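Trainee: This is the structure I want to talk about, given as structure tokens.
The values are calculated or read from the model by the stated rules, or taken from the named source; none is laboratory data. What you see is a predicted model; the values in this text were computed from it and never measured. Here the Cβ positions follow ideal geometry from the backbone for every residue, glycine too, while neighbour counts run over all protein chains shown. When the accessible area is computed, the model is the full protein with side chains, heavy atoms only, and any ligands, DNA or RNA have been set aside. Shrake-Rupley method; radii C 1.70, N 1.55, O 1.52, S 1.80 Å.
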Amino acid sequence: MDLEDECYSELAEIADYALELYRNKEISQIRILYTHFVNSVTLNQTGYFASSWKEQREKKESAQTIFEPAGEQILDTLVPMYVRSMLYSYYLETKTSEQASRRMAMENATDNAEELKETLELQYNQARQAAITQEITEIVGGVNAMEGVSS
């Protein structure tokens, strides 16, 4: 069993537990908060609110659709499947957002390190050049002093 299957199994258990609480009327709604991935720069915190089964049924009852097996049985089967798949989808979207954020952070860190490296190289080269210039000046000064003494 790979990591994704294990992850889906855990999320399915969570979804089933939340649905059981909902069915037993211990909670009035199911809320899923996740990070919506727009692109690698834009991430939005979003909430998904599952509407009540009663609202779902009222919407279905207004349409003249015949279900086989019965509508209740379909809802009892499809709603848990839907919630599990939505939970897994939101999990994947959140993981994608997390990886995009990490990539952007690493890219920014790399850019900052490169900029710092260039600044330090410039300072080092300037200090080295100043030391070389100082040595040349001292040598020339020494040569001039020796010429002045010998004349």
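Trainee: Distance in nm between label sites at residue 9 and residue 99, each 7 Å beyond Cα in the beta-carbon direction?
Mentor: Label at residue 9, label at residue 99, 2.2 nm between them.
Trainee: I'd like the accessible area for residue 104, computed on protein heavy atoms only with a 1.4 Å probe and all protein chains in place. Round to 10 Å², please.
Mentor: 40 Å²
Trainee: Using modelled backbone amide H atoms (1.01 Å from N, in-plane), which distant-in-sequence or interchain residues come within less than 5 Å of residue 30's amide H?
Mentor: Hits under the 5 Å cutoff: 50.
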